[in-house]
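Derivation of every value follows stated rules applied to the coordinates shown; laboratory data play no part. All values derive from a computational prediction rather than experimental measurement. Ideal geometry is used to build each Cβ from the backbone, glycine not excepted, and the neighbour counts take in all protein chains shown.
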Amino acid sequence: MTPSERWPAILLQLEPDAWTRATDLARALGVSERTVYRDVQAMVEAGVPLQGVPGKGYRLPDDYLLAPIRLTRDEAVMLVLGSAYAARNFSGRYQAAARAARHKIEDVLPPDDRERVLSLRGSVSLVPSNVFGDSTEDGLLRQARHALVEERTLLATLAGASDDGPSTRRIDPYGLVRQGSAWHLVGYGHDREHVVHLRLERIRGLDMTDATFERPASYGARSQGPAAPSRRRVRVVFADEAAAAVQVPSSVAVESREHLSDDRLLLTLNVDHVLEVMPWLLSWGRHAQVLEPRALRERMATEARAVADQYESAPTLLD
């Protein structure tokens, strides 16, 4: 069990009205007392307000837990999906909190809803809006996710090839898969009688029908869809006057953060597609310089020249 897995497990063992000894925590988690001491110290340093008294143990403060609330089964399912996304995009106390919340809700879900969560988690990827597409694509993603949750058949209107008009496909959506910057809707195509992959940019409209279906128990979007690309590395250096203010978007993974001898900040990032960080990098203007990959450097230079060209002539609102 890794530290990130032990933190929520420790929180699940603690109560505000009773003390829990390190010995009991170690026994419950199957680790040594020394490991418990290290984890508790790390949690306190990360901001988790644990209370500890020698000889008594640990507990949570009275105001750390909210009053009991009642959730519908659909609300609980959505919270589990959201907490899984949060755990992937935050670190420290917030990552631990997201994982603890997910485990708590999963523990009280009926078995069929728990299976539903596992199925949806493998079938739907969650990313911030407008990272890869425009508002039209975002709307299609919302409709597709809705149909996935409801297990409802979709009518997909596709753009026609050459001079052909648009065509309509009847599909039972099994999952959404992202390959680079492109989304694919994967599901059973009624007209072809087998699983199909529809590139979202080819879809002009989605209509949810009243017909329902049952997703195959063995289906997983990650294994059935197009092969997922390896993440791309981006290295960028920030000027010393901007280094302290740099906050990386939650959708971007930070591989390393290094403060150079001249007080500049060197970030190594991992992204699914290099263009997803381009708007953020452009917002830093001259304070950010991309070191690699070369393709992103060239694209940034092209955009910078285009911006500079806009200011070479006097501004006008006339054509």
Review point. Which FRET efficiency value, to the nearest 0.05, is calculated for Ala28 and Ala244 with the Förster distance at 35 angstrom and r the Cβ-Cβ distance?
Key: 0.25
Practice item. Provide the gained length on full extension for the span Leu291 to Leu158, in nm with one decimal, where the gain is 0.36 nm per separating residue minus the Cα-Cα distance. Key: 43.9 nm
Study note, to complete from the structure: Classified through the alpha carbon gyration tensor (a ≥ b ≥ c as square roots of its eigenvalues; rounded if a/c is under 1.5, else prolate when a/b is larger than b/c, else oblate), the stretch 4-44 comes out rounded
**Study point:** Dipole magnitude (debye, nearest 20) for the stretch 1-109, charges at Cβ of Lys, Arg, Asp, Glu
**Key:** 240 debye
Check your understanding: In terms of the ratio Rg/(2.2 N^0.38 Å) built on C-alpha atoms, what value belongs to the stretch 232-310?
Key -> 1.05
Revision key, fill the gap. Taking 194-205, 297-308 and ranking on average Cβ neighbours within 10 Å, highest first, one gets 194-205, 297-308
Check your understanding: What is the packing order of peptides 6-15, 42-51, taking the mean over residues of other C-beta atoms within 10 Å and listing the highest first?
Key -> 6-15, 42-51
Exercise for review: Quickly rank 33-40, 169-176 as a protection proxy: mean count of other C-beta atoms within 10 Å, highest first.
Suggested key: 169-176, 33-40
